[in-house]
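Below is one structure, written out as structure tokens; the observations come after it.
All of the numbers you see were taken from the coordinates with simple rules; none came from a lab. Computed from a predicted model, the values in this text were never measured in an experiment. Neighbour counts run over all protein chains shown; Cβ positions are idealised from the backbone, glycine included.
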Ligand code: FAD
């Protein structure tokens, strides 16, 4: 054995960079290429590998030290094995090779939303040298920053406020609430920050490099990154995952004005408008209407389709509507916005269709759908096919028409929901790492986190009527659930749909508190191909709202003892 000094090799632009991790200590046996330390600059994280195989005799560095080329890392006794094989490559040669490689990643993910960060983390866990390119300063994408999480923080507050008001008729009365918008915004911001900070830490823990900037394809293996914080640089990739998400549709008829907002503007909660128009009665529109009406706004809703909550059965929608009638002055379905202008009274909007009216509003929310972020990526340079709406086309391995490029999440369309993006991200990462994965989910659940919540999955009676397929539905009204009655939720409902031929469950809908937390059981049942006996014979805890799923299955089998007997023929 001979003792050798191990020094920091030429690592390109890295000068005076901080040691963020020391992986070995005196006495450790190391092999060639094993990471000794990790250094981090404001642009990237880099592991410095051991140039030799042997035993570490001393380490000269601690976390927090600053190093440049030539700094002493430590000393090691090189084993004969390395020398005997004639593989002794000088540290400079060896790591210099890597230094030219450090802007080349096995996998680069464009977009740090739920799809993107999940893909990057999974890929890193599978051993790929991975980077995320994200245009904004925090990870989390729409979902964490301006979508799922801030909306749920505000919906939570709205739900508590309304629950407190409802409890008055049960003998508990509080003073009228006082709303401090600044504190409410701070609560929302704090919730988001906790999660986005957590993501940064998880990226660092996995040694996923996060590069800030806007990425565009320069070639089939190179990205050009421009934007604040990134200057302009090019990085190379072996494989790439596009996870650039989507943005709200901007309706051409609406003027540009600070009172005309998308969900991002609505979540900023600048003020509480007296009158608000919500355009689009999907999940986002109804959630925002719930928040603002709870804060005191009077809401009008306009929807182009014949009913609100497209895709949900009429019986469930009816319950939702009756519980939410107080929020709205008008719900105009089968109608669309035809005119809009700024006047001294606010934004004056006219509708056409089933309801023709013109009114002025202090805030107009456009929640009429989302479009994919695919047009600025330079996809034409790498032959990635998109459909007529701009969604990237993928196969079930999430591969695009370019072999080494995958796409996931909102940018590929389908259900534009975070949980779908995450699952697709995992599939793409696993395929990129050489694993035999595919996105074969039978269903993606939907939840409107309104009051009451409404959650649905799989087939609806509406779908089935259109397809001609035969199904049997079974409904358990919460008026017969002890827990629902005790919680003031006897208006709720759980409905399951079964294929009439196979008996397997194909869909379900729940309306009532915690519907979103309960729908997962129906998802599992559908994925597992369960029938009503499987679900009904599964013992659910009593008294819970969840047992209404078991009871709905019992209704299907005609064995439910929590409802009046079925009339004998
Ligand atoms: P995104 O989250 O959109 O992330 C894409 C990222 O890519 C962004 O950070 C963007 O900055 C970045 N990017 C784009 N182009 C580039 C580029 N060229 N270079 C670098 N970076 C780029 N879903 C749910 O499941 N549950 C909910 O409760 C829910 N609530 C929502 C509430 C609202 C108000 C909204 C608007 C959406 C909600 N969604 C919800 C939908 C959910 O946010 C999206 O489905 C999810 O964020 C999609 O994830 P993604 O990773 O595909 O893309």
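How would segment 187-261 be classified by its alpha-carbon gyration tensor: rounded, prolate or oblate, with rounded meaning a/c under 1.5 and the a/b versus b/c comparison settling the rest? Oblate shape, in that a/c is at least 1.5 and b/c is the bigger or equal ratio.
Peptides 152-158, 276-282, 188-194, ordered by how many other C-beta atoms sit within 10 Å of their residues on average, highest first, read 276-282, 152-158, 188-194. Considering all C-alpha pairs of segment 411-569, those separated by over 20 Å amount to 54%. So for segment 213-357, averaging the separation of alpha carbon pairs under 8 Å that are six or more residues apart and normalising by length, what relative contact order in percent results? The value is 17 percent. Report for segment 249-368 the percent antiparallel among DSSP-assigned beta bridges with both residues inside it, nearest 5. The antiparallel fraction comes to roughly 45 percent. Counting other Cβ atoms within 10 Å as a rough exposure proxy, the listed residues 557, 466 run 466, 557 from fewest neighbours to most. Beta bridges assigned by DSSP with both partners in segment 181-336 are antiparallel in approximately 55 percent of cases. When the helices of the chain are scored as -39500 (n - 2.57) per DSSP H run of n ≥ 4 and the total is divided over every residue, the value at 222 nm lands at -8500 deg cm²/dmol. With an a/c value of 1.5 or above and a/b not larger than b/c for the gyration tensor axes a ≥ b ≥ c computed over the alpha-carbon atoms, segment 260-368 is described as oblate. For a modelled paramagnetic label at residue 356, 7 Å from Cα along Cα-to-Cβ, the residues of segment 302-316 in reach, with backbone nitrogen under 20 Å, are 302-306. Between the C-alpha center of segment 306-341 and that of segment 1-73 there is a gap of 62 Å. Restricting the count to DSSP beta bridges whose residues both fall in the chain, what percent are antiparallel, rounded to a multiple of 5? Percentage antiparallel, nearest 5: 70. Which order do 174, 328, 121 fall in if you start with the one that has the fewest other Cβ atoms within 10 Å? Ordered from fewest to most neighbouring Cβ atoms within 10 Å, 174, 328, 121 come out as 174, 328, 121. Here, the chain is characterised by an Rg to Rh ratio of 1.06, where Rg is the alpha-carbon radius of gyration and Rh the Kirkwood radius.
Let me have the relative contact order for the chain, percent, based on Cα pairs under 8 Å that are six or more residues apart. About 11 percent, as a whole number.
Taken along its principal axes, the alpha carbon cloud of segment 391-446 reaches lengths of 31, 21, 15 Å, longest axis first. The alpha carbon centroids of segment 437-463 and segment 523-569 are separated by 19 Å. Express in whole angstrom the spacing between the alpha-carbon centres of segment 145-190 and segment 230-276. Spelled out, the Cα-based centre of one part sits 25 Å from the other.
Just to confirm the number: angle between the C-alpha axis of helix 515-527 and the first principal axis of the chain, 0 to 90 degrees, nearest 10? The two axes meet at around 70 degrees. Relative contact order, whole percent, for segment 388-490 stands at 15, derived from Cα pairs under 8 Å and 6 or more residues apart.
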